[in-house]
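What follows is one structure encoded as structure tokens, with my remarks underneath.
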């Protein structure tokens, strides 16, 4: 039993939440005055409960034997994962409801979308375009919307969403779109065996890099426009500086893949995700601090 619980904990992949943190910190940077307890609670709900539960459920459905995001050599996903993910989702919903019932409703929508993405009976992830749109909407705009509804309970988020929040929702989805296809480049064979046809498989490995490069440019332009609209144009230079490591890795990795597609592997993908999320997290933490000070 202890071995199964250990395997279940590994499949929760809590450290993988780091790659999704930029959306949370983007929301934090637009929330104005904020209660620290609420901000901390939002972080716990997403990164220690909901995201890990989603990871665990996905592992249970996939039963992958090869590398998956945040887990290079995954053990067999035990059945005990299912009740664990239900408990974590339930606790996350309860905590959100105690602060903001509308936020809990949005969180429920996210959880259901995550389940439909992986559930064998529906399996949204096996459709390349729909799966791509599903992820960027729910991990991007919907997650941002949940955070703001939790942080600003005085706002009726269903009827009083400001232009800033709408812009940030688009920005959040563009940010996910720039990185998500790259996370699939090393899994083509494994996904093919499982009957999954991802956006990266549709594009091919080399075109996945071209597409992600284009989406990175789109996200950067959106971010520049967003910052200029608030007369903070100079912050774009801070963003570019913080993302030099990620940009350099993307450039050198792309060159390696062009000469040998075997370089589209797990380690290079995780390094790209770590550097990209690291730069984005630092930048939106910086914006959050500027918003507070």
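The values are calculated or read from the model by the stated rules, or taken from the named source; none is laboratory data. What you see is a predicted model, and the numbers here were worked out from it, not measured in a lab. Please note: Cβ atoms are built from the backbone with ideal geometry, for glycine as well, and neighbour counts cover all protein chains shown.
Kindly indicate whether any position in segment 21-31 is at pLDDT below 90 and either within 13 Å of residue 84 (Cβ to Cβ) or buried (at least 16 other Cβ atoms within 10 Å of the Cβ) (or both).
yes
If I filter segment 141-171 down to residues being more than 17 Å from residue 45 (Cβ to Cβ) and in contact with a helix residue (DSSP H, G or I) (Cβ under 7 Å, 6 or more places away or on another chain), which single residue comes out as modelled with the lowest pLDDT?
That would be 158.
Residue-wise test of (1) within 27 Å of residue 151 (Cβ to Cβ); (2) free of Cβ contacts under 8 Å to residues at least 12 places away in the same chain; (3) touching a strand residue (DSSP E or B) at 6+ places or on another chain (Cβ under 9 Å); (4) crowded, with 22+ Cβ neighbours inside 10 Å.
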position: 15; (1), (2), (3), (4): yes, no, no, no
position: 42; (1), (2), (3), (4): yes, no, no, yes
position: 57; (1), (2), (3), (4): yes, no, no, yes
position: 87; (1), (2), (3), (4): yes, yes, no, no
position: 92; (1), (2), (3), (4): yes, no, no, yes
position: 101; (1), (2), (3), (4): yes, yes, no, no
position: 108; (1), (2), (3), (4): yes, no, no, no
position: 114; (1), (2), (3), (4): yes, no, no, yes
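For the subset of segment 1-40 comprising residues that are over 14 Å from residue 56 (Cβ atoms) and not in a helix (DSSP H, G or I), which member is farthest from the chain's Cα centre (by Cα)?
Among those that are over 14 Å from residue 56 (Cβ atoms) and not in a helix (DSSP H, G or I), it is 1.
Would segment 62-84 turn up any residue that is in a helix (DSSP H, G or I) and touching a strand residue (DSSP E or B) at 6+ places or on another chain (Cβ under 8 Å)?
yes
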